[in-house]
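Report on one structure; see the data block that follows.
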Amino acid sequence: MDAEEFRKRGKEMVDYIADYLEKIDKRQVFPDVEPGYLRPLIPDCAPQDPESFEDVFKDIEKIIMPGVTHWHSPYFFAYFPAASSFPALLADMLCGGIGCVGFSWAASPACTELETVMLDWLGKMINLPEEFLAGKDGQGGGVIQGSASEATLISLLAARTKAIRRVQSEKPELTEADIMGRLVAYASDQAHSSVERAALIGGVKIKNVSSDHTFSVCGSALKKVLDEDKASGLIPFFFCATLGTTPCCSFDKLLELGPICNKENIWMHIDAAYAGSAFICPEFRHLLNGVEFADSFNFNPHKWLLVNFDCSTMWVKKRSDLTGAFKLEPLYLQHHHQESGLVTDYRHWQIPLGRRFRSLKLWFVLRMYGVTGLQEHIRKHVRLSHQFEHLVLQDERFEICAEVVLGLVCFRLKGSNELNKALLKSINEAKKIHLVPCHLREKFVLRFAICSRTVESTHIKFAWQHISQLATDLLKTWKQNHHQQ
């Protein structure tokens, strides 16, 4: 394909994507395929000779689309949102076109410098304390990671290095292996499984801290576990606080937890993967109070800020904590500006060496929506979640299982877990809308997350009528079956 054909085909592809997104509500939200559907549809081996673009293009609808779950459909209410917008898609095209691998400043100065400035922009939008910003000569700063899971792992590994060095300076007789065996990380029993996975990869113990009746971790619960562990000779070194947990969007109590972590020399990382975007709205910013005690903080603009995947923003108070843990300087990666103090080499802030020019999509979106446009997007989703909550509360067969703060509603039929599993099964088998469940304590609960950029009040009403009707049908057969038994 030469440049001339690329121009032609590129325009066709943009039209195809625009049509796809404009008419996505006409597509069934969840696919009808069975596992292994795709292999029989394509040849066993790559073609010896080139095929035409037409041939490839024809196969998108035939082979790919039947197996796509349409995350951007206004009938998709599962997981959390996957952000997307036209400015972000255009920026991603440019990122692919430039095609740099921005592991160091010299590898592409714009790639590094735009990222530093965009993370300062975003940090100011959510009113992050000054220490987390790079500014002209700050000690902190931000970086774009691939996902919140990576940000948690990076912070845990940095905390581990810092703890080992601190303990060795206090007790030189201990080997690194001795210390590693005694290190403990902590997170809420509601925290995302990626926190446990980070500890697994980091080779350290991890313990769950019990959450309270609001599914939040409070200071006394953390202190109790720390006191027990210190008494038995363990070394607490890392706590991951969650703002907006995956099961029910609960918030750990930072103002209680932060001072404890600071006093005990424990690195506090805040995972606000979904909820963080809401902090650009002044009315939700109080949920971040206590961030001043944290060592690192992360959220995903690729969830709720109209920047498509992957774009997970992470800030640290002391960037030397990261570079101190991950810095290696082979000759082939060195450049003559690296010691100037004016440049950032982001390869020292992350697990991979290579990195894409991801700050372009942040730049496009922040400029083309403006802070007010993005605030309106968040507020609309929150309004719609309260609309759904209101509909649920009007039906005495149902109950709300956790406080609705942002764009997630946790609800269920009053009754057994089996009944609610049957309801979810009938909802997802009908394929008109798509939901996923969670466990809150011993209850099986349905999650209703406001996801699509294009979702409106009419879609919420439709979803509720659909759920309500399926519940009516289910309760009828359920009663009959139970009478017969």
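The table for this structure:
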quantity	calculated
Among (1) hydroxyl-bearing (S, T, Y); (2) in a helix (DSSP H, G or I); (3) outside the structural domain of V316 (by the TED database) - the single one T112 does not satisfy	(3)
Only listed residue being farther than 12 Å from F77 by Cβ and surrounded by fewer than 21 Cβ atoms within 10 Å (Cβ to Cβ), chosen from K425, K432	K425
Selected residue (criterion: farthest from L89 (Cα to Cα)) from residues of region 282-320 that are open to solvent by less than 10 Å² (accessible area, probe 1.4 Å) and of a type in the set (S, T, Y)	S296
Set L200, L222, L234: member being at negative phi, modelled with pLDDT of 95 or more and not assigned by the TED database to the domain that holds F77	L222
Tabulated pairs, region 272-295, first assigned by the TED database to the domain that holds N262, second basic (K, R), C-beta under 7 angstrom, 6+ apart or interchain	A273/K303; Y274/K303; S277/K303; F279/R285; C281/R379; D295/K317
Subset tally (residues that are under 19 Å from Y274 (Cα atoms) and surrounded by fewer than 19 Cβ atoms within 10 Å (Cβ to Cβ)) for region 441-460	2
Count - residues of region 199-228 that are of a type in the set (A, V, I, L, M) and farther than 19 Å from D252 by Cα	4
Pair list, Cβ < 6 Å and 6+ apart or interchain, from region 387-408 residues that are within 25 Å of F284 (Cβ to Cβ) to residues that are among the hydroxyl-bearing types (S, T, Y) and open to solvent by less than 30 Å² (accessible area, probe 1.4 Å)	V404/S385; G407/S385
Members of region 371-385 that are touching a residue at least 60 places away in the same chain (Cβ under 8 Å) and either among the β-branched types (V, I, T) or open to solvent by 60 Å² or more (accessible area, probe 1.4 Å) (or both)	V371, I378, R379, V382
Condition check for W71: in contact (Cβ under 8 Å) with a residue 12 or more places away in the chain, surrounded by fewer than 21 Cβ atoms within 10 Å (Cβ to Cβ) and part of a helix (DSSP H, G or I)	no
Sole residue being over 20 Å from the mean Cα position of the chain (by Cα), within 19 Å of Y274 (Cα to Cα) and open to solvent by less than 20 Å² (accessible area, probe 1.4 Å), chosen from A402, A463	A402
Which numbered condition S104 fails, given (1) at pLDDT 90 or above; (2) not in a helix (DSSP H, G or I)	(1)
Odd one out for V117, checked against (1) of a type in the set (A, V, I, L, M, F, W, C); (2) within 22 Å of R285 (Cα to Cα); (3) in contact with a Ser or Thr (Cβ under 9 Å, 6 or more places away or on another chain); (4) not in a helix (DSSP H, G or I)	(4)
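To keep it simple, each residue is scored yes or no on (1) part of a loop (DSSP other than H, G, I, E, B); (2) of a type outside the set (F, W, Y); (3) at pLDDT below 95.
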| site | (1), (2), (3) |
| --- | --- |
| G415 | yes, yes, yes |
| R447 | no, yes, no |
| I460 | no, yes, no |
| H466 | no, yes, no |
| D473 | no, yes, yes |
| T477 | no, yes, yes |
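The values are calculated or read from the model by the stated rules, or taken from the named source; none is laboratory data. This is a predicted model, so every value here is computed, not measured. Note: ideal-geometry Cβ built from the backbone for every residue, glycine included; neighbour counts use all protein chains shown. Only protein heavy atoms, including side chains, enter the accessible area calculation; ligands, DNA and RNA are left aside. Shrake-Rupley method; radii C 1.70, N 1.55, O 1.52, S 1.80 Å.
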